[in-house]
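Report on the structure given below.
The values are calculated or read from the model by the stated rules, or taken from the named source; none is laboratory data. Computed from a predicted structure; not experimentally measured. In this analysis, Cβ positions are derived from the backbone assuming ideal geometry, glycine residues included, and neighbour counts consider all displayed protein chains.
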Amino acid sequence: MKTQLHLRPLQAVQEKPSLADMLERAKETCEYCRPLTPITCVTRCNVWKLKNELRRLCKKTKNPNFMTKLLNALKNRRRLQILEILSNRRYSIVRLQQRLKKLGYYHSRRTIADEYINPLIEVGLVEENYNKYHTTSFGCELNELIRDFQEIGDLLPPHSECYEEKTIEALFESPKTYEELKFLILTESLSRVLKRLQEANLITKDNENSYIFYLKTKRNPQQEKLSPTEKRVYEDIPEEGISAKKLANRANISLRRTYKYLRKLRGKKLSFKRKRPRTYVLTSEGRQIAKLLEKMHVLLTEFAQAAAGFTRKPPEVNQQILVPGIPKKGRERSLQILVKSNV
């Protein structure tokens, strides 16, 4: 019985059921499916193929370095182009080489396989069947996400421990100082990481936080006699503090006079100054990359959770393995049939 299963695009989360819901329906389909032979499932059923694909993906995601390998695989413009090509149809290595030549890329078949396709296979984005390559369900979904970020390999180093990505994710939560990043990003080369991100215009230093900030004290201003300008300057100081330059703009007086009145307010113990350490913040381009990384984590989590549901062996399978007195070949044969009939 051939069963069609179409995965949802990530952009239509609200309109279509989630991957977990679709897999639950697939389970129900399998319960009522009565194929003539197990071979029918293996050769014709798309649900069967998807389940095995998820099992293979689950094994890969158990590697603690999987996310690093995945990001490094994607930080290559040619691999992203190949992922896009294979998401539309299956290609042999010969046809893929011809397609790349039409795009102006002349690579040997060995280079295409070793440098571009194999890294995608290692992270579960591409698979090979009958000497033809195609994207997996995970690869198709990820291709939709990263389609507009072909330049990611130009912005981030292609062969790295992904400290740059970790830094971007940390700054996406909130701006952070160097000391805070040093605590979160455990690497001796944090300065070089920050420099690379600044050169790529993904992060910048918050110059405002390099200034001295002026804040109000808890002292009641009515206890002091204030001139109209002193009162205006005092009232323009927000609770979170402000730099002298911004305060001058708000009070509509010169910077020199602003410092003069701030000194008077400090003398009356109505204001004090505090140095704030310089922090790093994301640029608009950096926030786009951060949002992409967040969506990738969500997508990977969704697939990993779905895959985990198909990697737990049912009790009857374990019982079949432990039955004594069955020849090795007989055990393997009965186990294979049992697994196929329960999928």
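Residue-wise test of (1) of a type in the set (Val, Ile, Thr); (2) within 20 Å of residue 277 (Cβ to Cβ); (3) assigned by TED's automatic domain parsing to the domain that holds residue 176; (4) touching a Ser or Thr at 6+ places or on another chain (Cβ under 6 Å).
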site	(1), (2), (3), (4)
217	yes, no, no, no
227	no, no, no, no
233	yes, no, no, no
239	no, yes, no, no
243	no, yes, no, no
248	no, no, no, yes
252	no, no, no, no
256	no, no, no, no
260	no, no, no, no
**Asked** Looking at segment 155-183, which of its residues are buried (at least 19 other Cβ atoms within 10 Å of the Cβ) and charged (D, E, K, R)?
**Response** 164, 165, 166, 176
**Unique residue being assigned by TED's automatic domain parsing to the domain that holds residue 126, buried (at least 20 other Cβ atoms within 10 Å of the Cβ) and out of contact with any strand residue (DSSP E or B) (no Cβ under 6 Å at 6 or more places or on another chain) when the list is 56, 79** = 79
**Request:** Kindly list, by first and then second residue, each pair from a residue in segment 253-265 that is closer than 13 Å to residue 229 by Cβ to a residue that is of a type in the set (Asp, Glu) and assigned to a helix (DSSP H, G or I), limited to pairs with Cβ atoms under 9 Å and residues at least 6 apart or on different chains.
**Result:** 261/230; 264/230; 265/230
**Request:** Could you tell me whether residue 136 is over 30 Å from residue 276 (Cα atoms), within 21 Å of the chain's Cα centre (by Cα) and buried (at least 16 other Cβ atoms within 10 Å of the Cβ)?
**Result:** yes
**Prompt:** Is there a residue in segment 292-307 that is at pLDDT below 75 and surrounded by 12 or more Cβ atoms within 10 Å (Cβ to Cβ)?
**Reply:** yes
**Request:** Tell me, please, whether a residue that is on the phi < 0 side of the Ramachandran plot, aliphatic (A, V, I, L, M) and either in a helix (DSSP H, G or I) or free of Cβ contacts under 8 Å to residues at least 12 places away in the same chain (or both) can be found in segment 126-137.
**Result:** no
**Fill in**
residue 301 vs (1) out of contact with any helix residue (DSSP H, G or I) (no Cβ under 9 Å at 6 or more places or on another chain); (2) within 30 Å of residue 205 (Cα to Cα): all pass except (2)
**Request:** Name, by its number, the condition in (1) in a loop (DSSP other than H, G, I, E, B); (2) in contact (Cβ under 8 Å) with a residue 12 or more places away in the chain that does not hold for residue 188.
**Result:** (2)
**Prompt:** Mind checking whether some residue in segment 259-274 is of a type outside the set (S, T, N, Q), under 30 Å from residue 170 (Cα atoms) and under 44 Å from the mean Cα position of the chain (by Cα)?
**Reply:** yes
**Complete:** Taking segment 142-154 and the residues there that are under 15 Å from the mean Cα position of the chain (by Cα) and either without any contact (Cβ under 8 Å) to a residue 12 or more places away in the chain or in a helix (DSSP H, G or I) (or both), the one that is surrounded by the fewest Cβ atoms within 10 Å (Cβ to Cβ) would be 148
**Request:** Can you tell me which residue among 194, 215 is part of a helix (DSSP H, G or I) and not charged (D, E, K, R)?
**Result:** 194
**Item:** Residues of segment 155-172 satisfying the condition of being modelled with pLDDT of 90 or more and assigned to a helix (DSSP H, G or I)
**Value:** 163, 164, 165, 166, 167, 168, 169, 170, 171, 172
**Number of the condition not met by residue 213 [criteria: (1) touching a strand residue (DSSP E or B) at 6+ places or on another chain (Cβ under 7 Å); (2) surrounded by fewer than 17 Cβ atoms within 10 Å (Cβ to Cβ); (3) at pLDDT below 90; (4) farther than 30 Å from residue 154 by Cα]** = (2)
**Asked** Does residue 179 satisfy being modelled with pLDDT of 90 or more and farther than 30 Å from residue 91 by Cβ?
**Response** no
